[in-house]
C-alpha cells in the first residue's frame, strides 16, 4: 500500500470532524513514544519555549551528572545517549534559538565533564562537531541573538 503525501493527508484531515481528529491524535500517541512526546510538547510546552528549554537543560545536567566516568568507553556511551535525546527534543521545537541554546548547554556540560574529554579523540571530535553545528546555525538568527550566542560560543 503506497503512503499518501502530506498534502493528501492534510486535505483528508481538513474534511474530518473535530471528534474524529481527537481520536486520531490519541491513537497516534499510543502508537509510538516519540509521537506522544511531540504531542505533549505541542499541547503543553510550545506556548512557553523558555520554560521548555530550562526543563531540557536541567534534565541534561542531571544526565551528565549520572554518567559513569570510570572509563572513556562508558563516558562515550552516556554522552551519545544524551546527545540523541537532545536532538530528538530539538526536532520537536523546530526553533533555531532553542536548538542553539540546547547545543550550547550540551557543549558546556561536555566540556565540564571529568576526566577531561580532551584525553579522548572520539569525545573531542563529537564536541567539535557540535560546535561546528552551532556555528552554522548562528547566522540564521536575529542580530542580537547572533551576538549573544557568538559570545557564548567563543567562551567554549
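The values are calculated or read from the model by the stated rules, or taken from the named source; none is laboratory data. Note that the structure is a prediction, hence the values are computed from the model and not measured. Glycine also receives a Cβ, built like all others from the backbone with ideal geometry; neighbour counts cover every protein chain displayed.
Can you find, within the stretch 103-151, the residue that is surrounded by the fewest Cβ atoms within 10 Å (Cβ to Cβ) among those that are at pLDDT below 85 and under 18 Å from residue 90 (Cβ atoms)?
Among residues in the stretch 103-151 that are at pLDDT below 85 and under 18 Å from residue 90 (Cβ atoms), the one surrounded by the fewest Cβ atoms within 10 Å (Cβ to Cβ) is 145.
What number of residues within the stretch 92-126 are in contact with a helix residue (DSSP H, G or I) (Cβ under 8 Å, 6 or more places away or on another chain), farther than 21 Å from residue 148 by Cβ and part of a helix (DSSP H, G or I)?
The total comes to 8.
Could you run through the stretch 25-39 and say how many residues are surrounded by 11 or more Cβ atoms within 10 Å (Cβ to Cβ) and touching a helix residue (DSSP H, G or I) at 6+ places or on another chain (Cβ under 8 Å)?
Number of matching residues: 9.
Can you tell me which residues in the stretch 3-52 are part of a loop (DSSP other than H, G, I, E, B) and more than 17 Å from residue 94 (Cα to Cα)?
Matches in the stretch 3-52: 3, 4, 5, 16, 17, 32.
Can you tell me which residue in the stretch 130-152 is farthest from the chain's Cα centre (by Cα), limited to those that are farther than 13 Å from residue 99 by Cβ and in contact (Cβ under 8 Å) with a residue 24 or more places away in the chain?
Kept after step one, since they are farther than 13 Å from residue 99 by Cβ, are these residues of the stretch 130-152: 131-132, 139, 142-144, 146-148, 150-152.
Checking the rest, the ones that are also in contact (Cβ under 8 Å) with a residue 24 or more places away in the chain come to 131, 152.
Working: 131: 15, 152: 18 Å.
Ranking the candidates gives 152 first.
So, in the stretch 66-86, exactly how many residues are out of contact with any helix residue (DSSP H, G or I) (no Cβ under 9 Å at 6 or more places or on another chain) and part of a helix (DSSP H, G or I)? Don't jump to the end; show me each part of the working.
As a first pass, look at the stretch 66-86 and keep what is out of contact with any helix residue (DSSP H, G or I) (no Cβ under 9 Å at 6 or more places or on another chain): 70-71, 73-74, 77, 84.
Subsequent filtering for residues that are part of a helix (DSSP H, G or I) retains 73-74, 77, 84.
Within the stretch 66-86, residues that are out of contact with any helix residue (DSSP H, G or I) (no Cβ under 9 Å at 6 or more places or on another chain) and part of a helix (DSSP H, G or I) number 4.
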